[in-house]
Amino acid sequence: MVGGIIPCLRMFLLLAFLFPAFVHCRVRHYTFNVLMKNTTRLCSSKPIVSVNGKFPGPTIYAREDDTVLIRVVNHVKYNVSIHWHGVRQLRTGWADGPAYITQCPIRPGHSYMYNFTITGQRGTLFWHAHVLWLRSTVHGALVILPKLGVPYPFPKPDHEAVVVLAEWWKSDTEAVINEAIKSGLAPNVSDAHTINGHPGPVTNCPSQGGYKLSVDPGKSYMLRVINAALNEELFFKIAGHQMTVVEVDATYVKPFKTNTIMIAPGQTTNVIVTANQGSGKYMVAASPFMDAPIAVDNQTATATLHYSGALSGLRTVLTSTPPKNATPVANNFVDALRSLNSNQYPARVPQTVDHSLFFTVGLGLNPCPSCKPANGSRVVASVNNVTFVMPTVALLQAHFFNLKGVFTTDFPGNPPFAFNYTGAGPANLQTSTGTKVYRLPYNATVQLVLQDTGIIAPENHPIHLHGFNFFAVGRGIGNFNPKTDPANFNLVDPVERNTIGVPAGGWVAIRFRADNPGVWFMHCHLEVHTTWGLKMAFLVDNGKGPNESLLPPPKDLPKC
Ligand code: C2O
């Protein structure tokens, strides 16, 4: 805790002395009480794990350069850890949050102070539980405002609102995933999607309310849209209104207009909407995107944009949602994303590559004698055919304290054998298992091609990398061709983000610089795929310079 405050204080005093008008470095304090809360949705009640009794949880506000201290107190029967999704955590991996990767979880009755400074980032991110399936109800927005006096690189909106998209299950999500693990089959899908915690009226519960955003005619609104769902990519639309996209994953983009955004779990998108239509109530809709033969929750969540001054009984303007398999709608949106790449916000795309990696991502089938419903096998997932096995001690602790036998550094840089990745797949669908990391020297530049496989089914995988932003330099359908595809890479203004969709039956290429020492998780942000093993970690060594080493752990780091 002291480590975070002292540098901030020192800077504060120095700056206050030199330029009294420009001081903004602050410490923000939050307390998260993780507790059960009885909650009614879809006309029935159930207890959910919540932060401070809220669904979605409280929004964290900070400014770029602030130090944020969040005391998390665990009052529930589950182990808990919280991840600040997209916060780079420069040298402070101890505050990153994924259970058994950077920390042991916080045990029932215990607490932990997350302490990190936000450096070089501004925009919308979110926080969520990073253990079991608790993320389904334990999540909320994390808003990083620009430094005081620094404007947005677009006309300042009159108002801002956080829009958290998620899912609602009638049953307990821990029971849902435990049942699936026992059977070897896929878990049930959710019963509804939610917009700021509410599904809106649905067939079996027409009285179910929806979120309402009141708008004043002529005013502009920045919506900070977050997909906090466990397993579903979503289309988001507003009847009768265009949206101007200005930022994704807390990086500015070249603004463009669209009537539909596609947002995968783990992604955030800021859009500006102007209330320039006739008075009325305009439907806001979140509906699933799934272009593979895989079951999804087909419920559309609805909310309303409610013009103020509207008399009661005014018209309601509806919107249609894209079909769930509307790949072209998703592609149009993804293809339009470009880094702003201005003088003030340059895109620092690595132009040379020290480590060129090729990872297949997809499913597999392993033997499971007790899995009767799945005929003696279970669905698994893997990266380069390795199904990641969670350790029982955090990898970062094992790394820092040199504990042997927790992980190995032989994660393969290429698949074990080549095949037609997007075709029917090899005869043997079995994966290997292990707790393997890929080791990188400090400051190495990395190019990583993520290739979807057609094993069991091709599917869009939103891959999230902790500890870094990366640039999405290329994307294609079919098998990546290392001879011809790199010629088409965008090394000038590719979108910079922390979570990227690997298209169903296709690939994406990303680049990043390993300038953050520590152990950094990378996984599919569809929670079911993470559970099945579609995850791995990078171990980045310390550099030699003064600010290039992982800091020591805080005193209250939870024990396993
Ligand atoms: Cu938002 Cu490792 O996750």
Note down the relative contact order for the chain as a percent, whole number, built from C-alpha pairs under 8 angstrom at least six residues apart. 14 percent
Over what distance in Å are the Cα centres of region 35-73 and region 347-385 separated? 32 Å
Just name one of ALA326, GLY309, GLN299: the one whose Cα is farthest towards the positive end of the charge dipole of region 260-377 (beta-carbon charges, Lys/Arg +1, Asp/Glu -1). GLY309
Computed over the Cα atoms of region 5-145, what is the convex hull's projected area averaged over all directions, in nm²? 9.2 nm²
Between the residues GLY240, CYS205, GLY266, the Cα farthest towards the positive end of the dipole of region 159-336, that dipole coming from +1 and -1 charges on the beta-carbon of Lys, Arg, Asp and Glu, is from GLY240
Could you order VAL68, VAL406 so the one with the most accessible surface comes first? Probe is 1.4 Å. VAL406, VAL68
Here is the link list: LYS37/LYS77; LYS54/LYS237; LYS37/LYS170; LYS212/LYS257; LYS156/LYS219; LYS404/LYS436. Which ones come out longer than 21 Å on Cα distance? LYS54/LYS237; LYS212/LYS257
Only four residue types carry charge here, +1 at the Cβ of Lys and Arg and -1 at the Cβ of Asp and Glu. Report the dipole size of the chain about the Cα centre in Debye, rounded to the nearest 20. 860 debye
How many angstrom separate the Cα center of region 160-191 from the Cα center of region 389-429? 26 Å
Among HIS110, HIS306, what's the order by accessible area (1.4 angstrom probe), most exposed first? HIS110, HIS306
For LYS544, which aspartates and glutamates qualify as cross-link partners when the Cα separation must be under 14 Å and same-chain residues fewer than eight apart are set aside? ASP515
Isotropically averaged projected area of region 58-212, using the convex hull of Cα atoms (one quarter of hull area), nm²: 12.0 nm²
To the nearest Å, what is the center-to-center distance of region 266-299 and region 476-541, using C-alpha atoms only? 25 Å
If each K or R counts +1 and each D or E counts -1, the residues other than LEU340 whose Cβ falls under 11 Å of its Cβ total -1
Vicinal HN-Hα couplings computed from phi for region 28-43 (Karplus, 6.51 cos²θ - 1.76 cosθ + 1.60; Hz; Gly/Pro x): 10, 10, 9, 10, 10, 8, 8, 8, 6, 9, 6, 9, 10, 9, 6, 6
Given the DSSP H assignment, sum -39500 (n - 2.57) over each helix run of at least 4 residues in the chain and divide by its residue total; what's the result at 222 nm in deg cm²/dmol, nearest 500? -2500 deg cm²/dmol
Could you pull out every residue, at least 5 positions away or on a different chain, whose amide H is within less than 5 Å of the one on SER549? Hs are placed 1.01 Å off N in the peptide plane, and Pro or chain starts have none. GLY543
Of all DSSP beta bridges in the chain, antiparallel share, percent nearest 5: 70 percent
Tell me the chymotrypsin sites (Phe, Trp or Tyr not before Pro) within region 379-450 that lie in a loop according to DSSP and have at most 14 other beta-carbon atoms within 10 Å. PHE401, PHE417
Can you work out the Karplus-derived ³J(HN,Hα) for every residue in region 385-391? Use 6.51 cos²θ - 1.76 cosθ + 1.60 with θ = phi - 60°, whole Hz, and x for glycine or proline. 6, 9, 8, 5, 9, 5, x
Using alpha-carbon pairs under 8 Å, 6+ residues apart, how would you state the relative contact order of region 480-560 in percent? 23 percent
Taking only the alpha-carbon positions of region 355-548 as identical scatterers, the Debye log10 I(q)/I(0) at q = 0.08, 0.11 Å⁻¹ comes out as -0.26, -0.50
Region 277-351: which chymotrypsin sites (Phe, Trp or Tyr not before Pro) are DSSP loop and have at most 10 other beta-carbon atoms within 10 angstrom? none
Mean projected area (nm²) from the convex hull of Cα positions in region 142-270 is 10.3 nm²
What does the chain give for Rg and for Dmax, in Å, if only its C-alpha atoms count? 22.8, 72
Nonlocal amide H pairs with PHE126, under 5 Å, H built at 1.01 Å: HIS85, LEU142
For region 5-145, share of DSSP beta bridges that run antiparallel, in % to the nearest 5: 70 percent
Share of accessible surface on carbon and sulfur in the chain, whole %, 1.4 Å probe and ligands ignored, is 55 percent
Accessible area per residue in Å² at 1.4 Å probe, computed on the chain: 39 Å²
Counting Lys and Arg as +1 and Asp and Glu as -1 over every other residue whose Cβ sits under 14 Å from the Cβ of GLY57, the net charge comes to +3
Percent relative contact order of region 159-336, based on C-alpha pairs within less than 8 angstrom and at least six residues apart? 25 percent
For LYS372, list the aspartates and glutamates whose Cα falls under 20 Å from its own Cα; do not include residues on the same chain fewer than 8 positions away. GLU179
Within the chain, which complete DSSP H helices have Cα atoms spanning at least 20 Å along the helix axis and a mean Kyte-Doolittle hydropathy of 0.0 or higher? 2-18
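The values are calculated or read from the model by the stated rules, or taken from the named source; none is laboratory data. Nothing here was measured: the structure is a model prediction, and the numbers come from that model. Quick reminder, even Gly has a Cβ in these numbers, built from the backbone with ideal geometry, and neighbours come from all protein chains shown. Quick note on the areas: whole protein, heavy atoms, side chains included, nothing else; ligands and nucleic acids left out. Shrake-Rupley method; radii C 1.70, N 1.55, O 1.52, S 1.80 Å.
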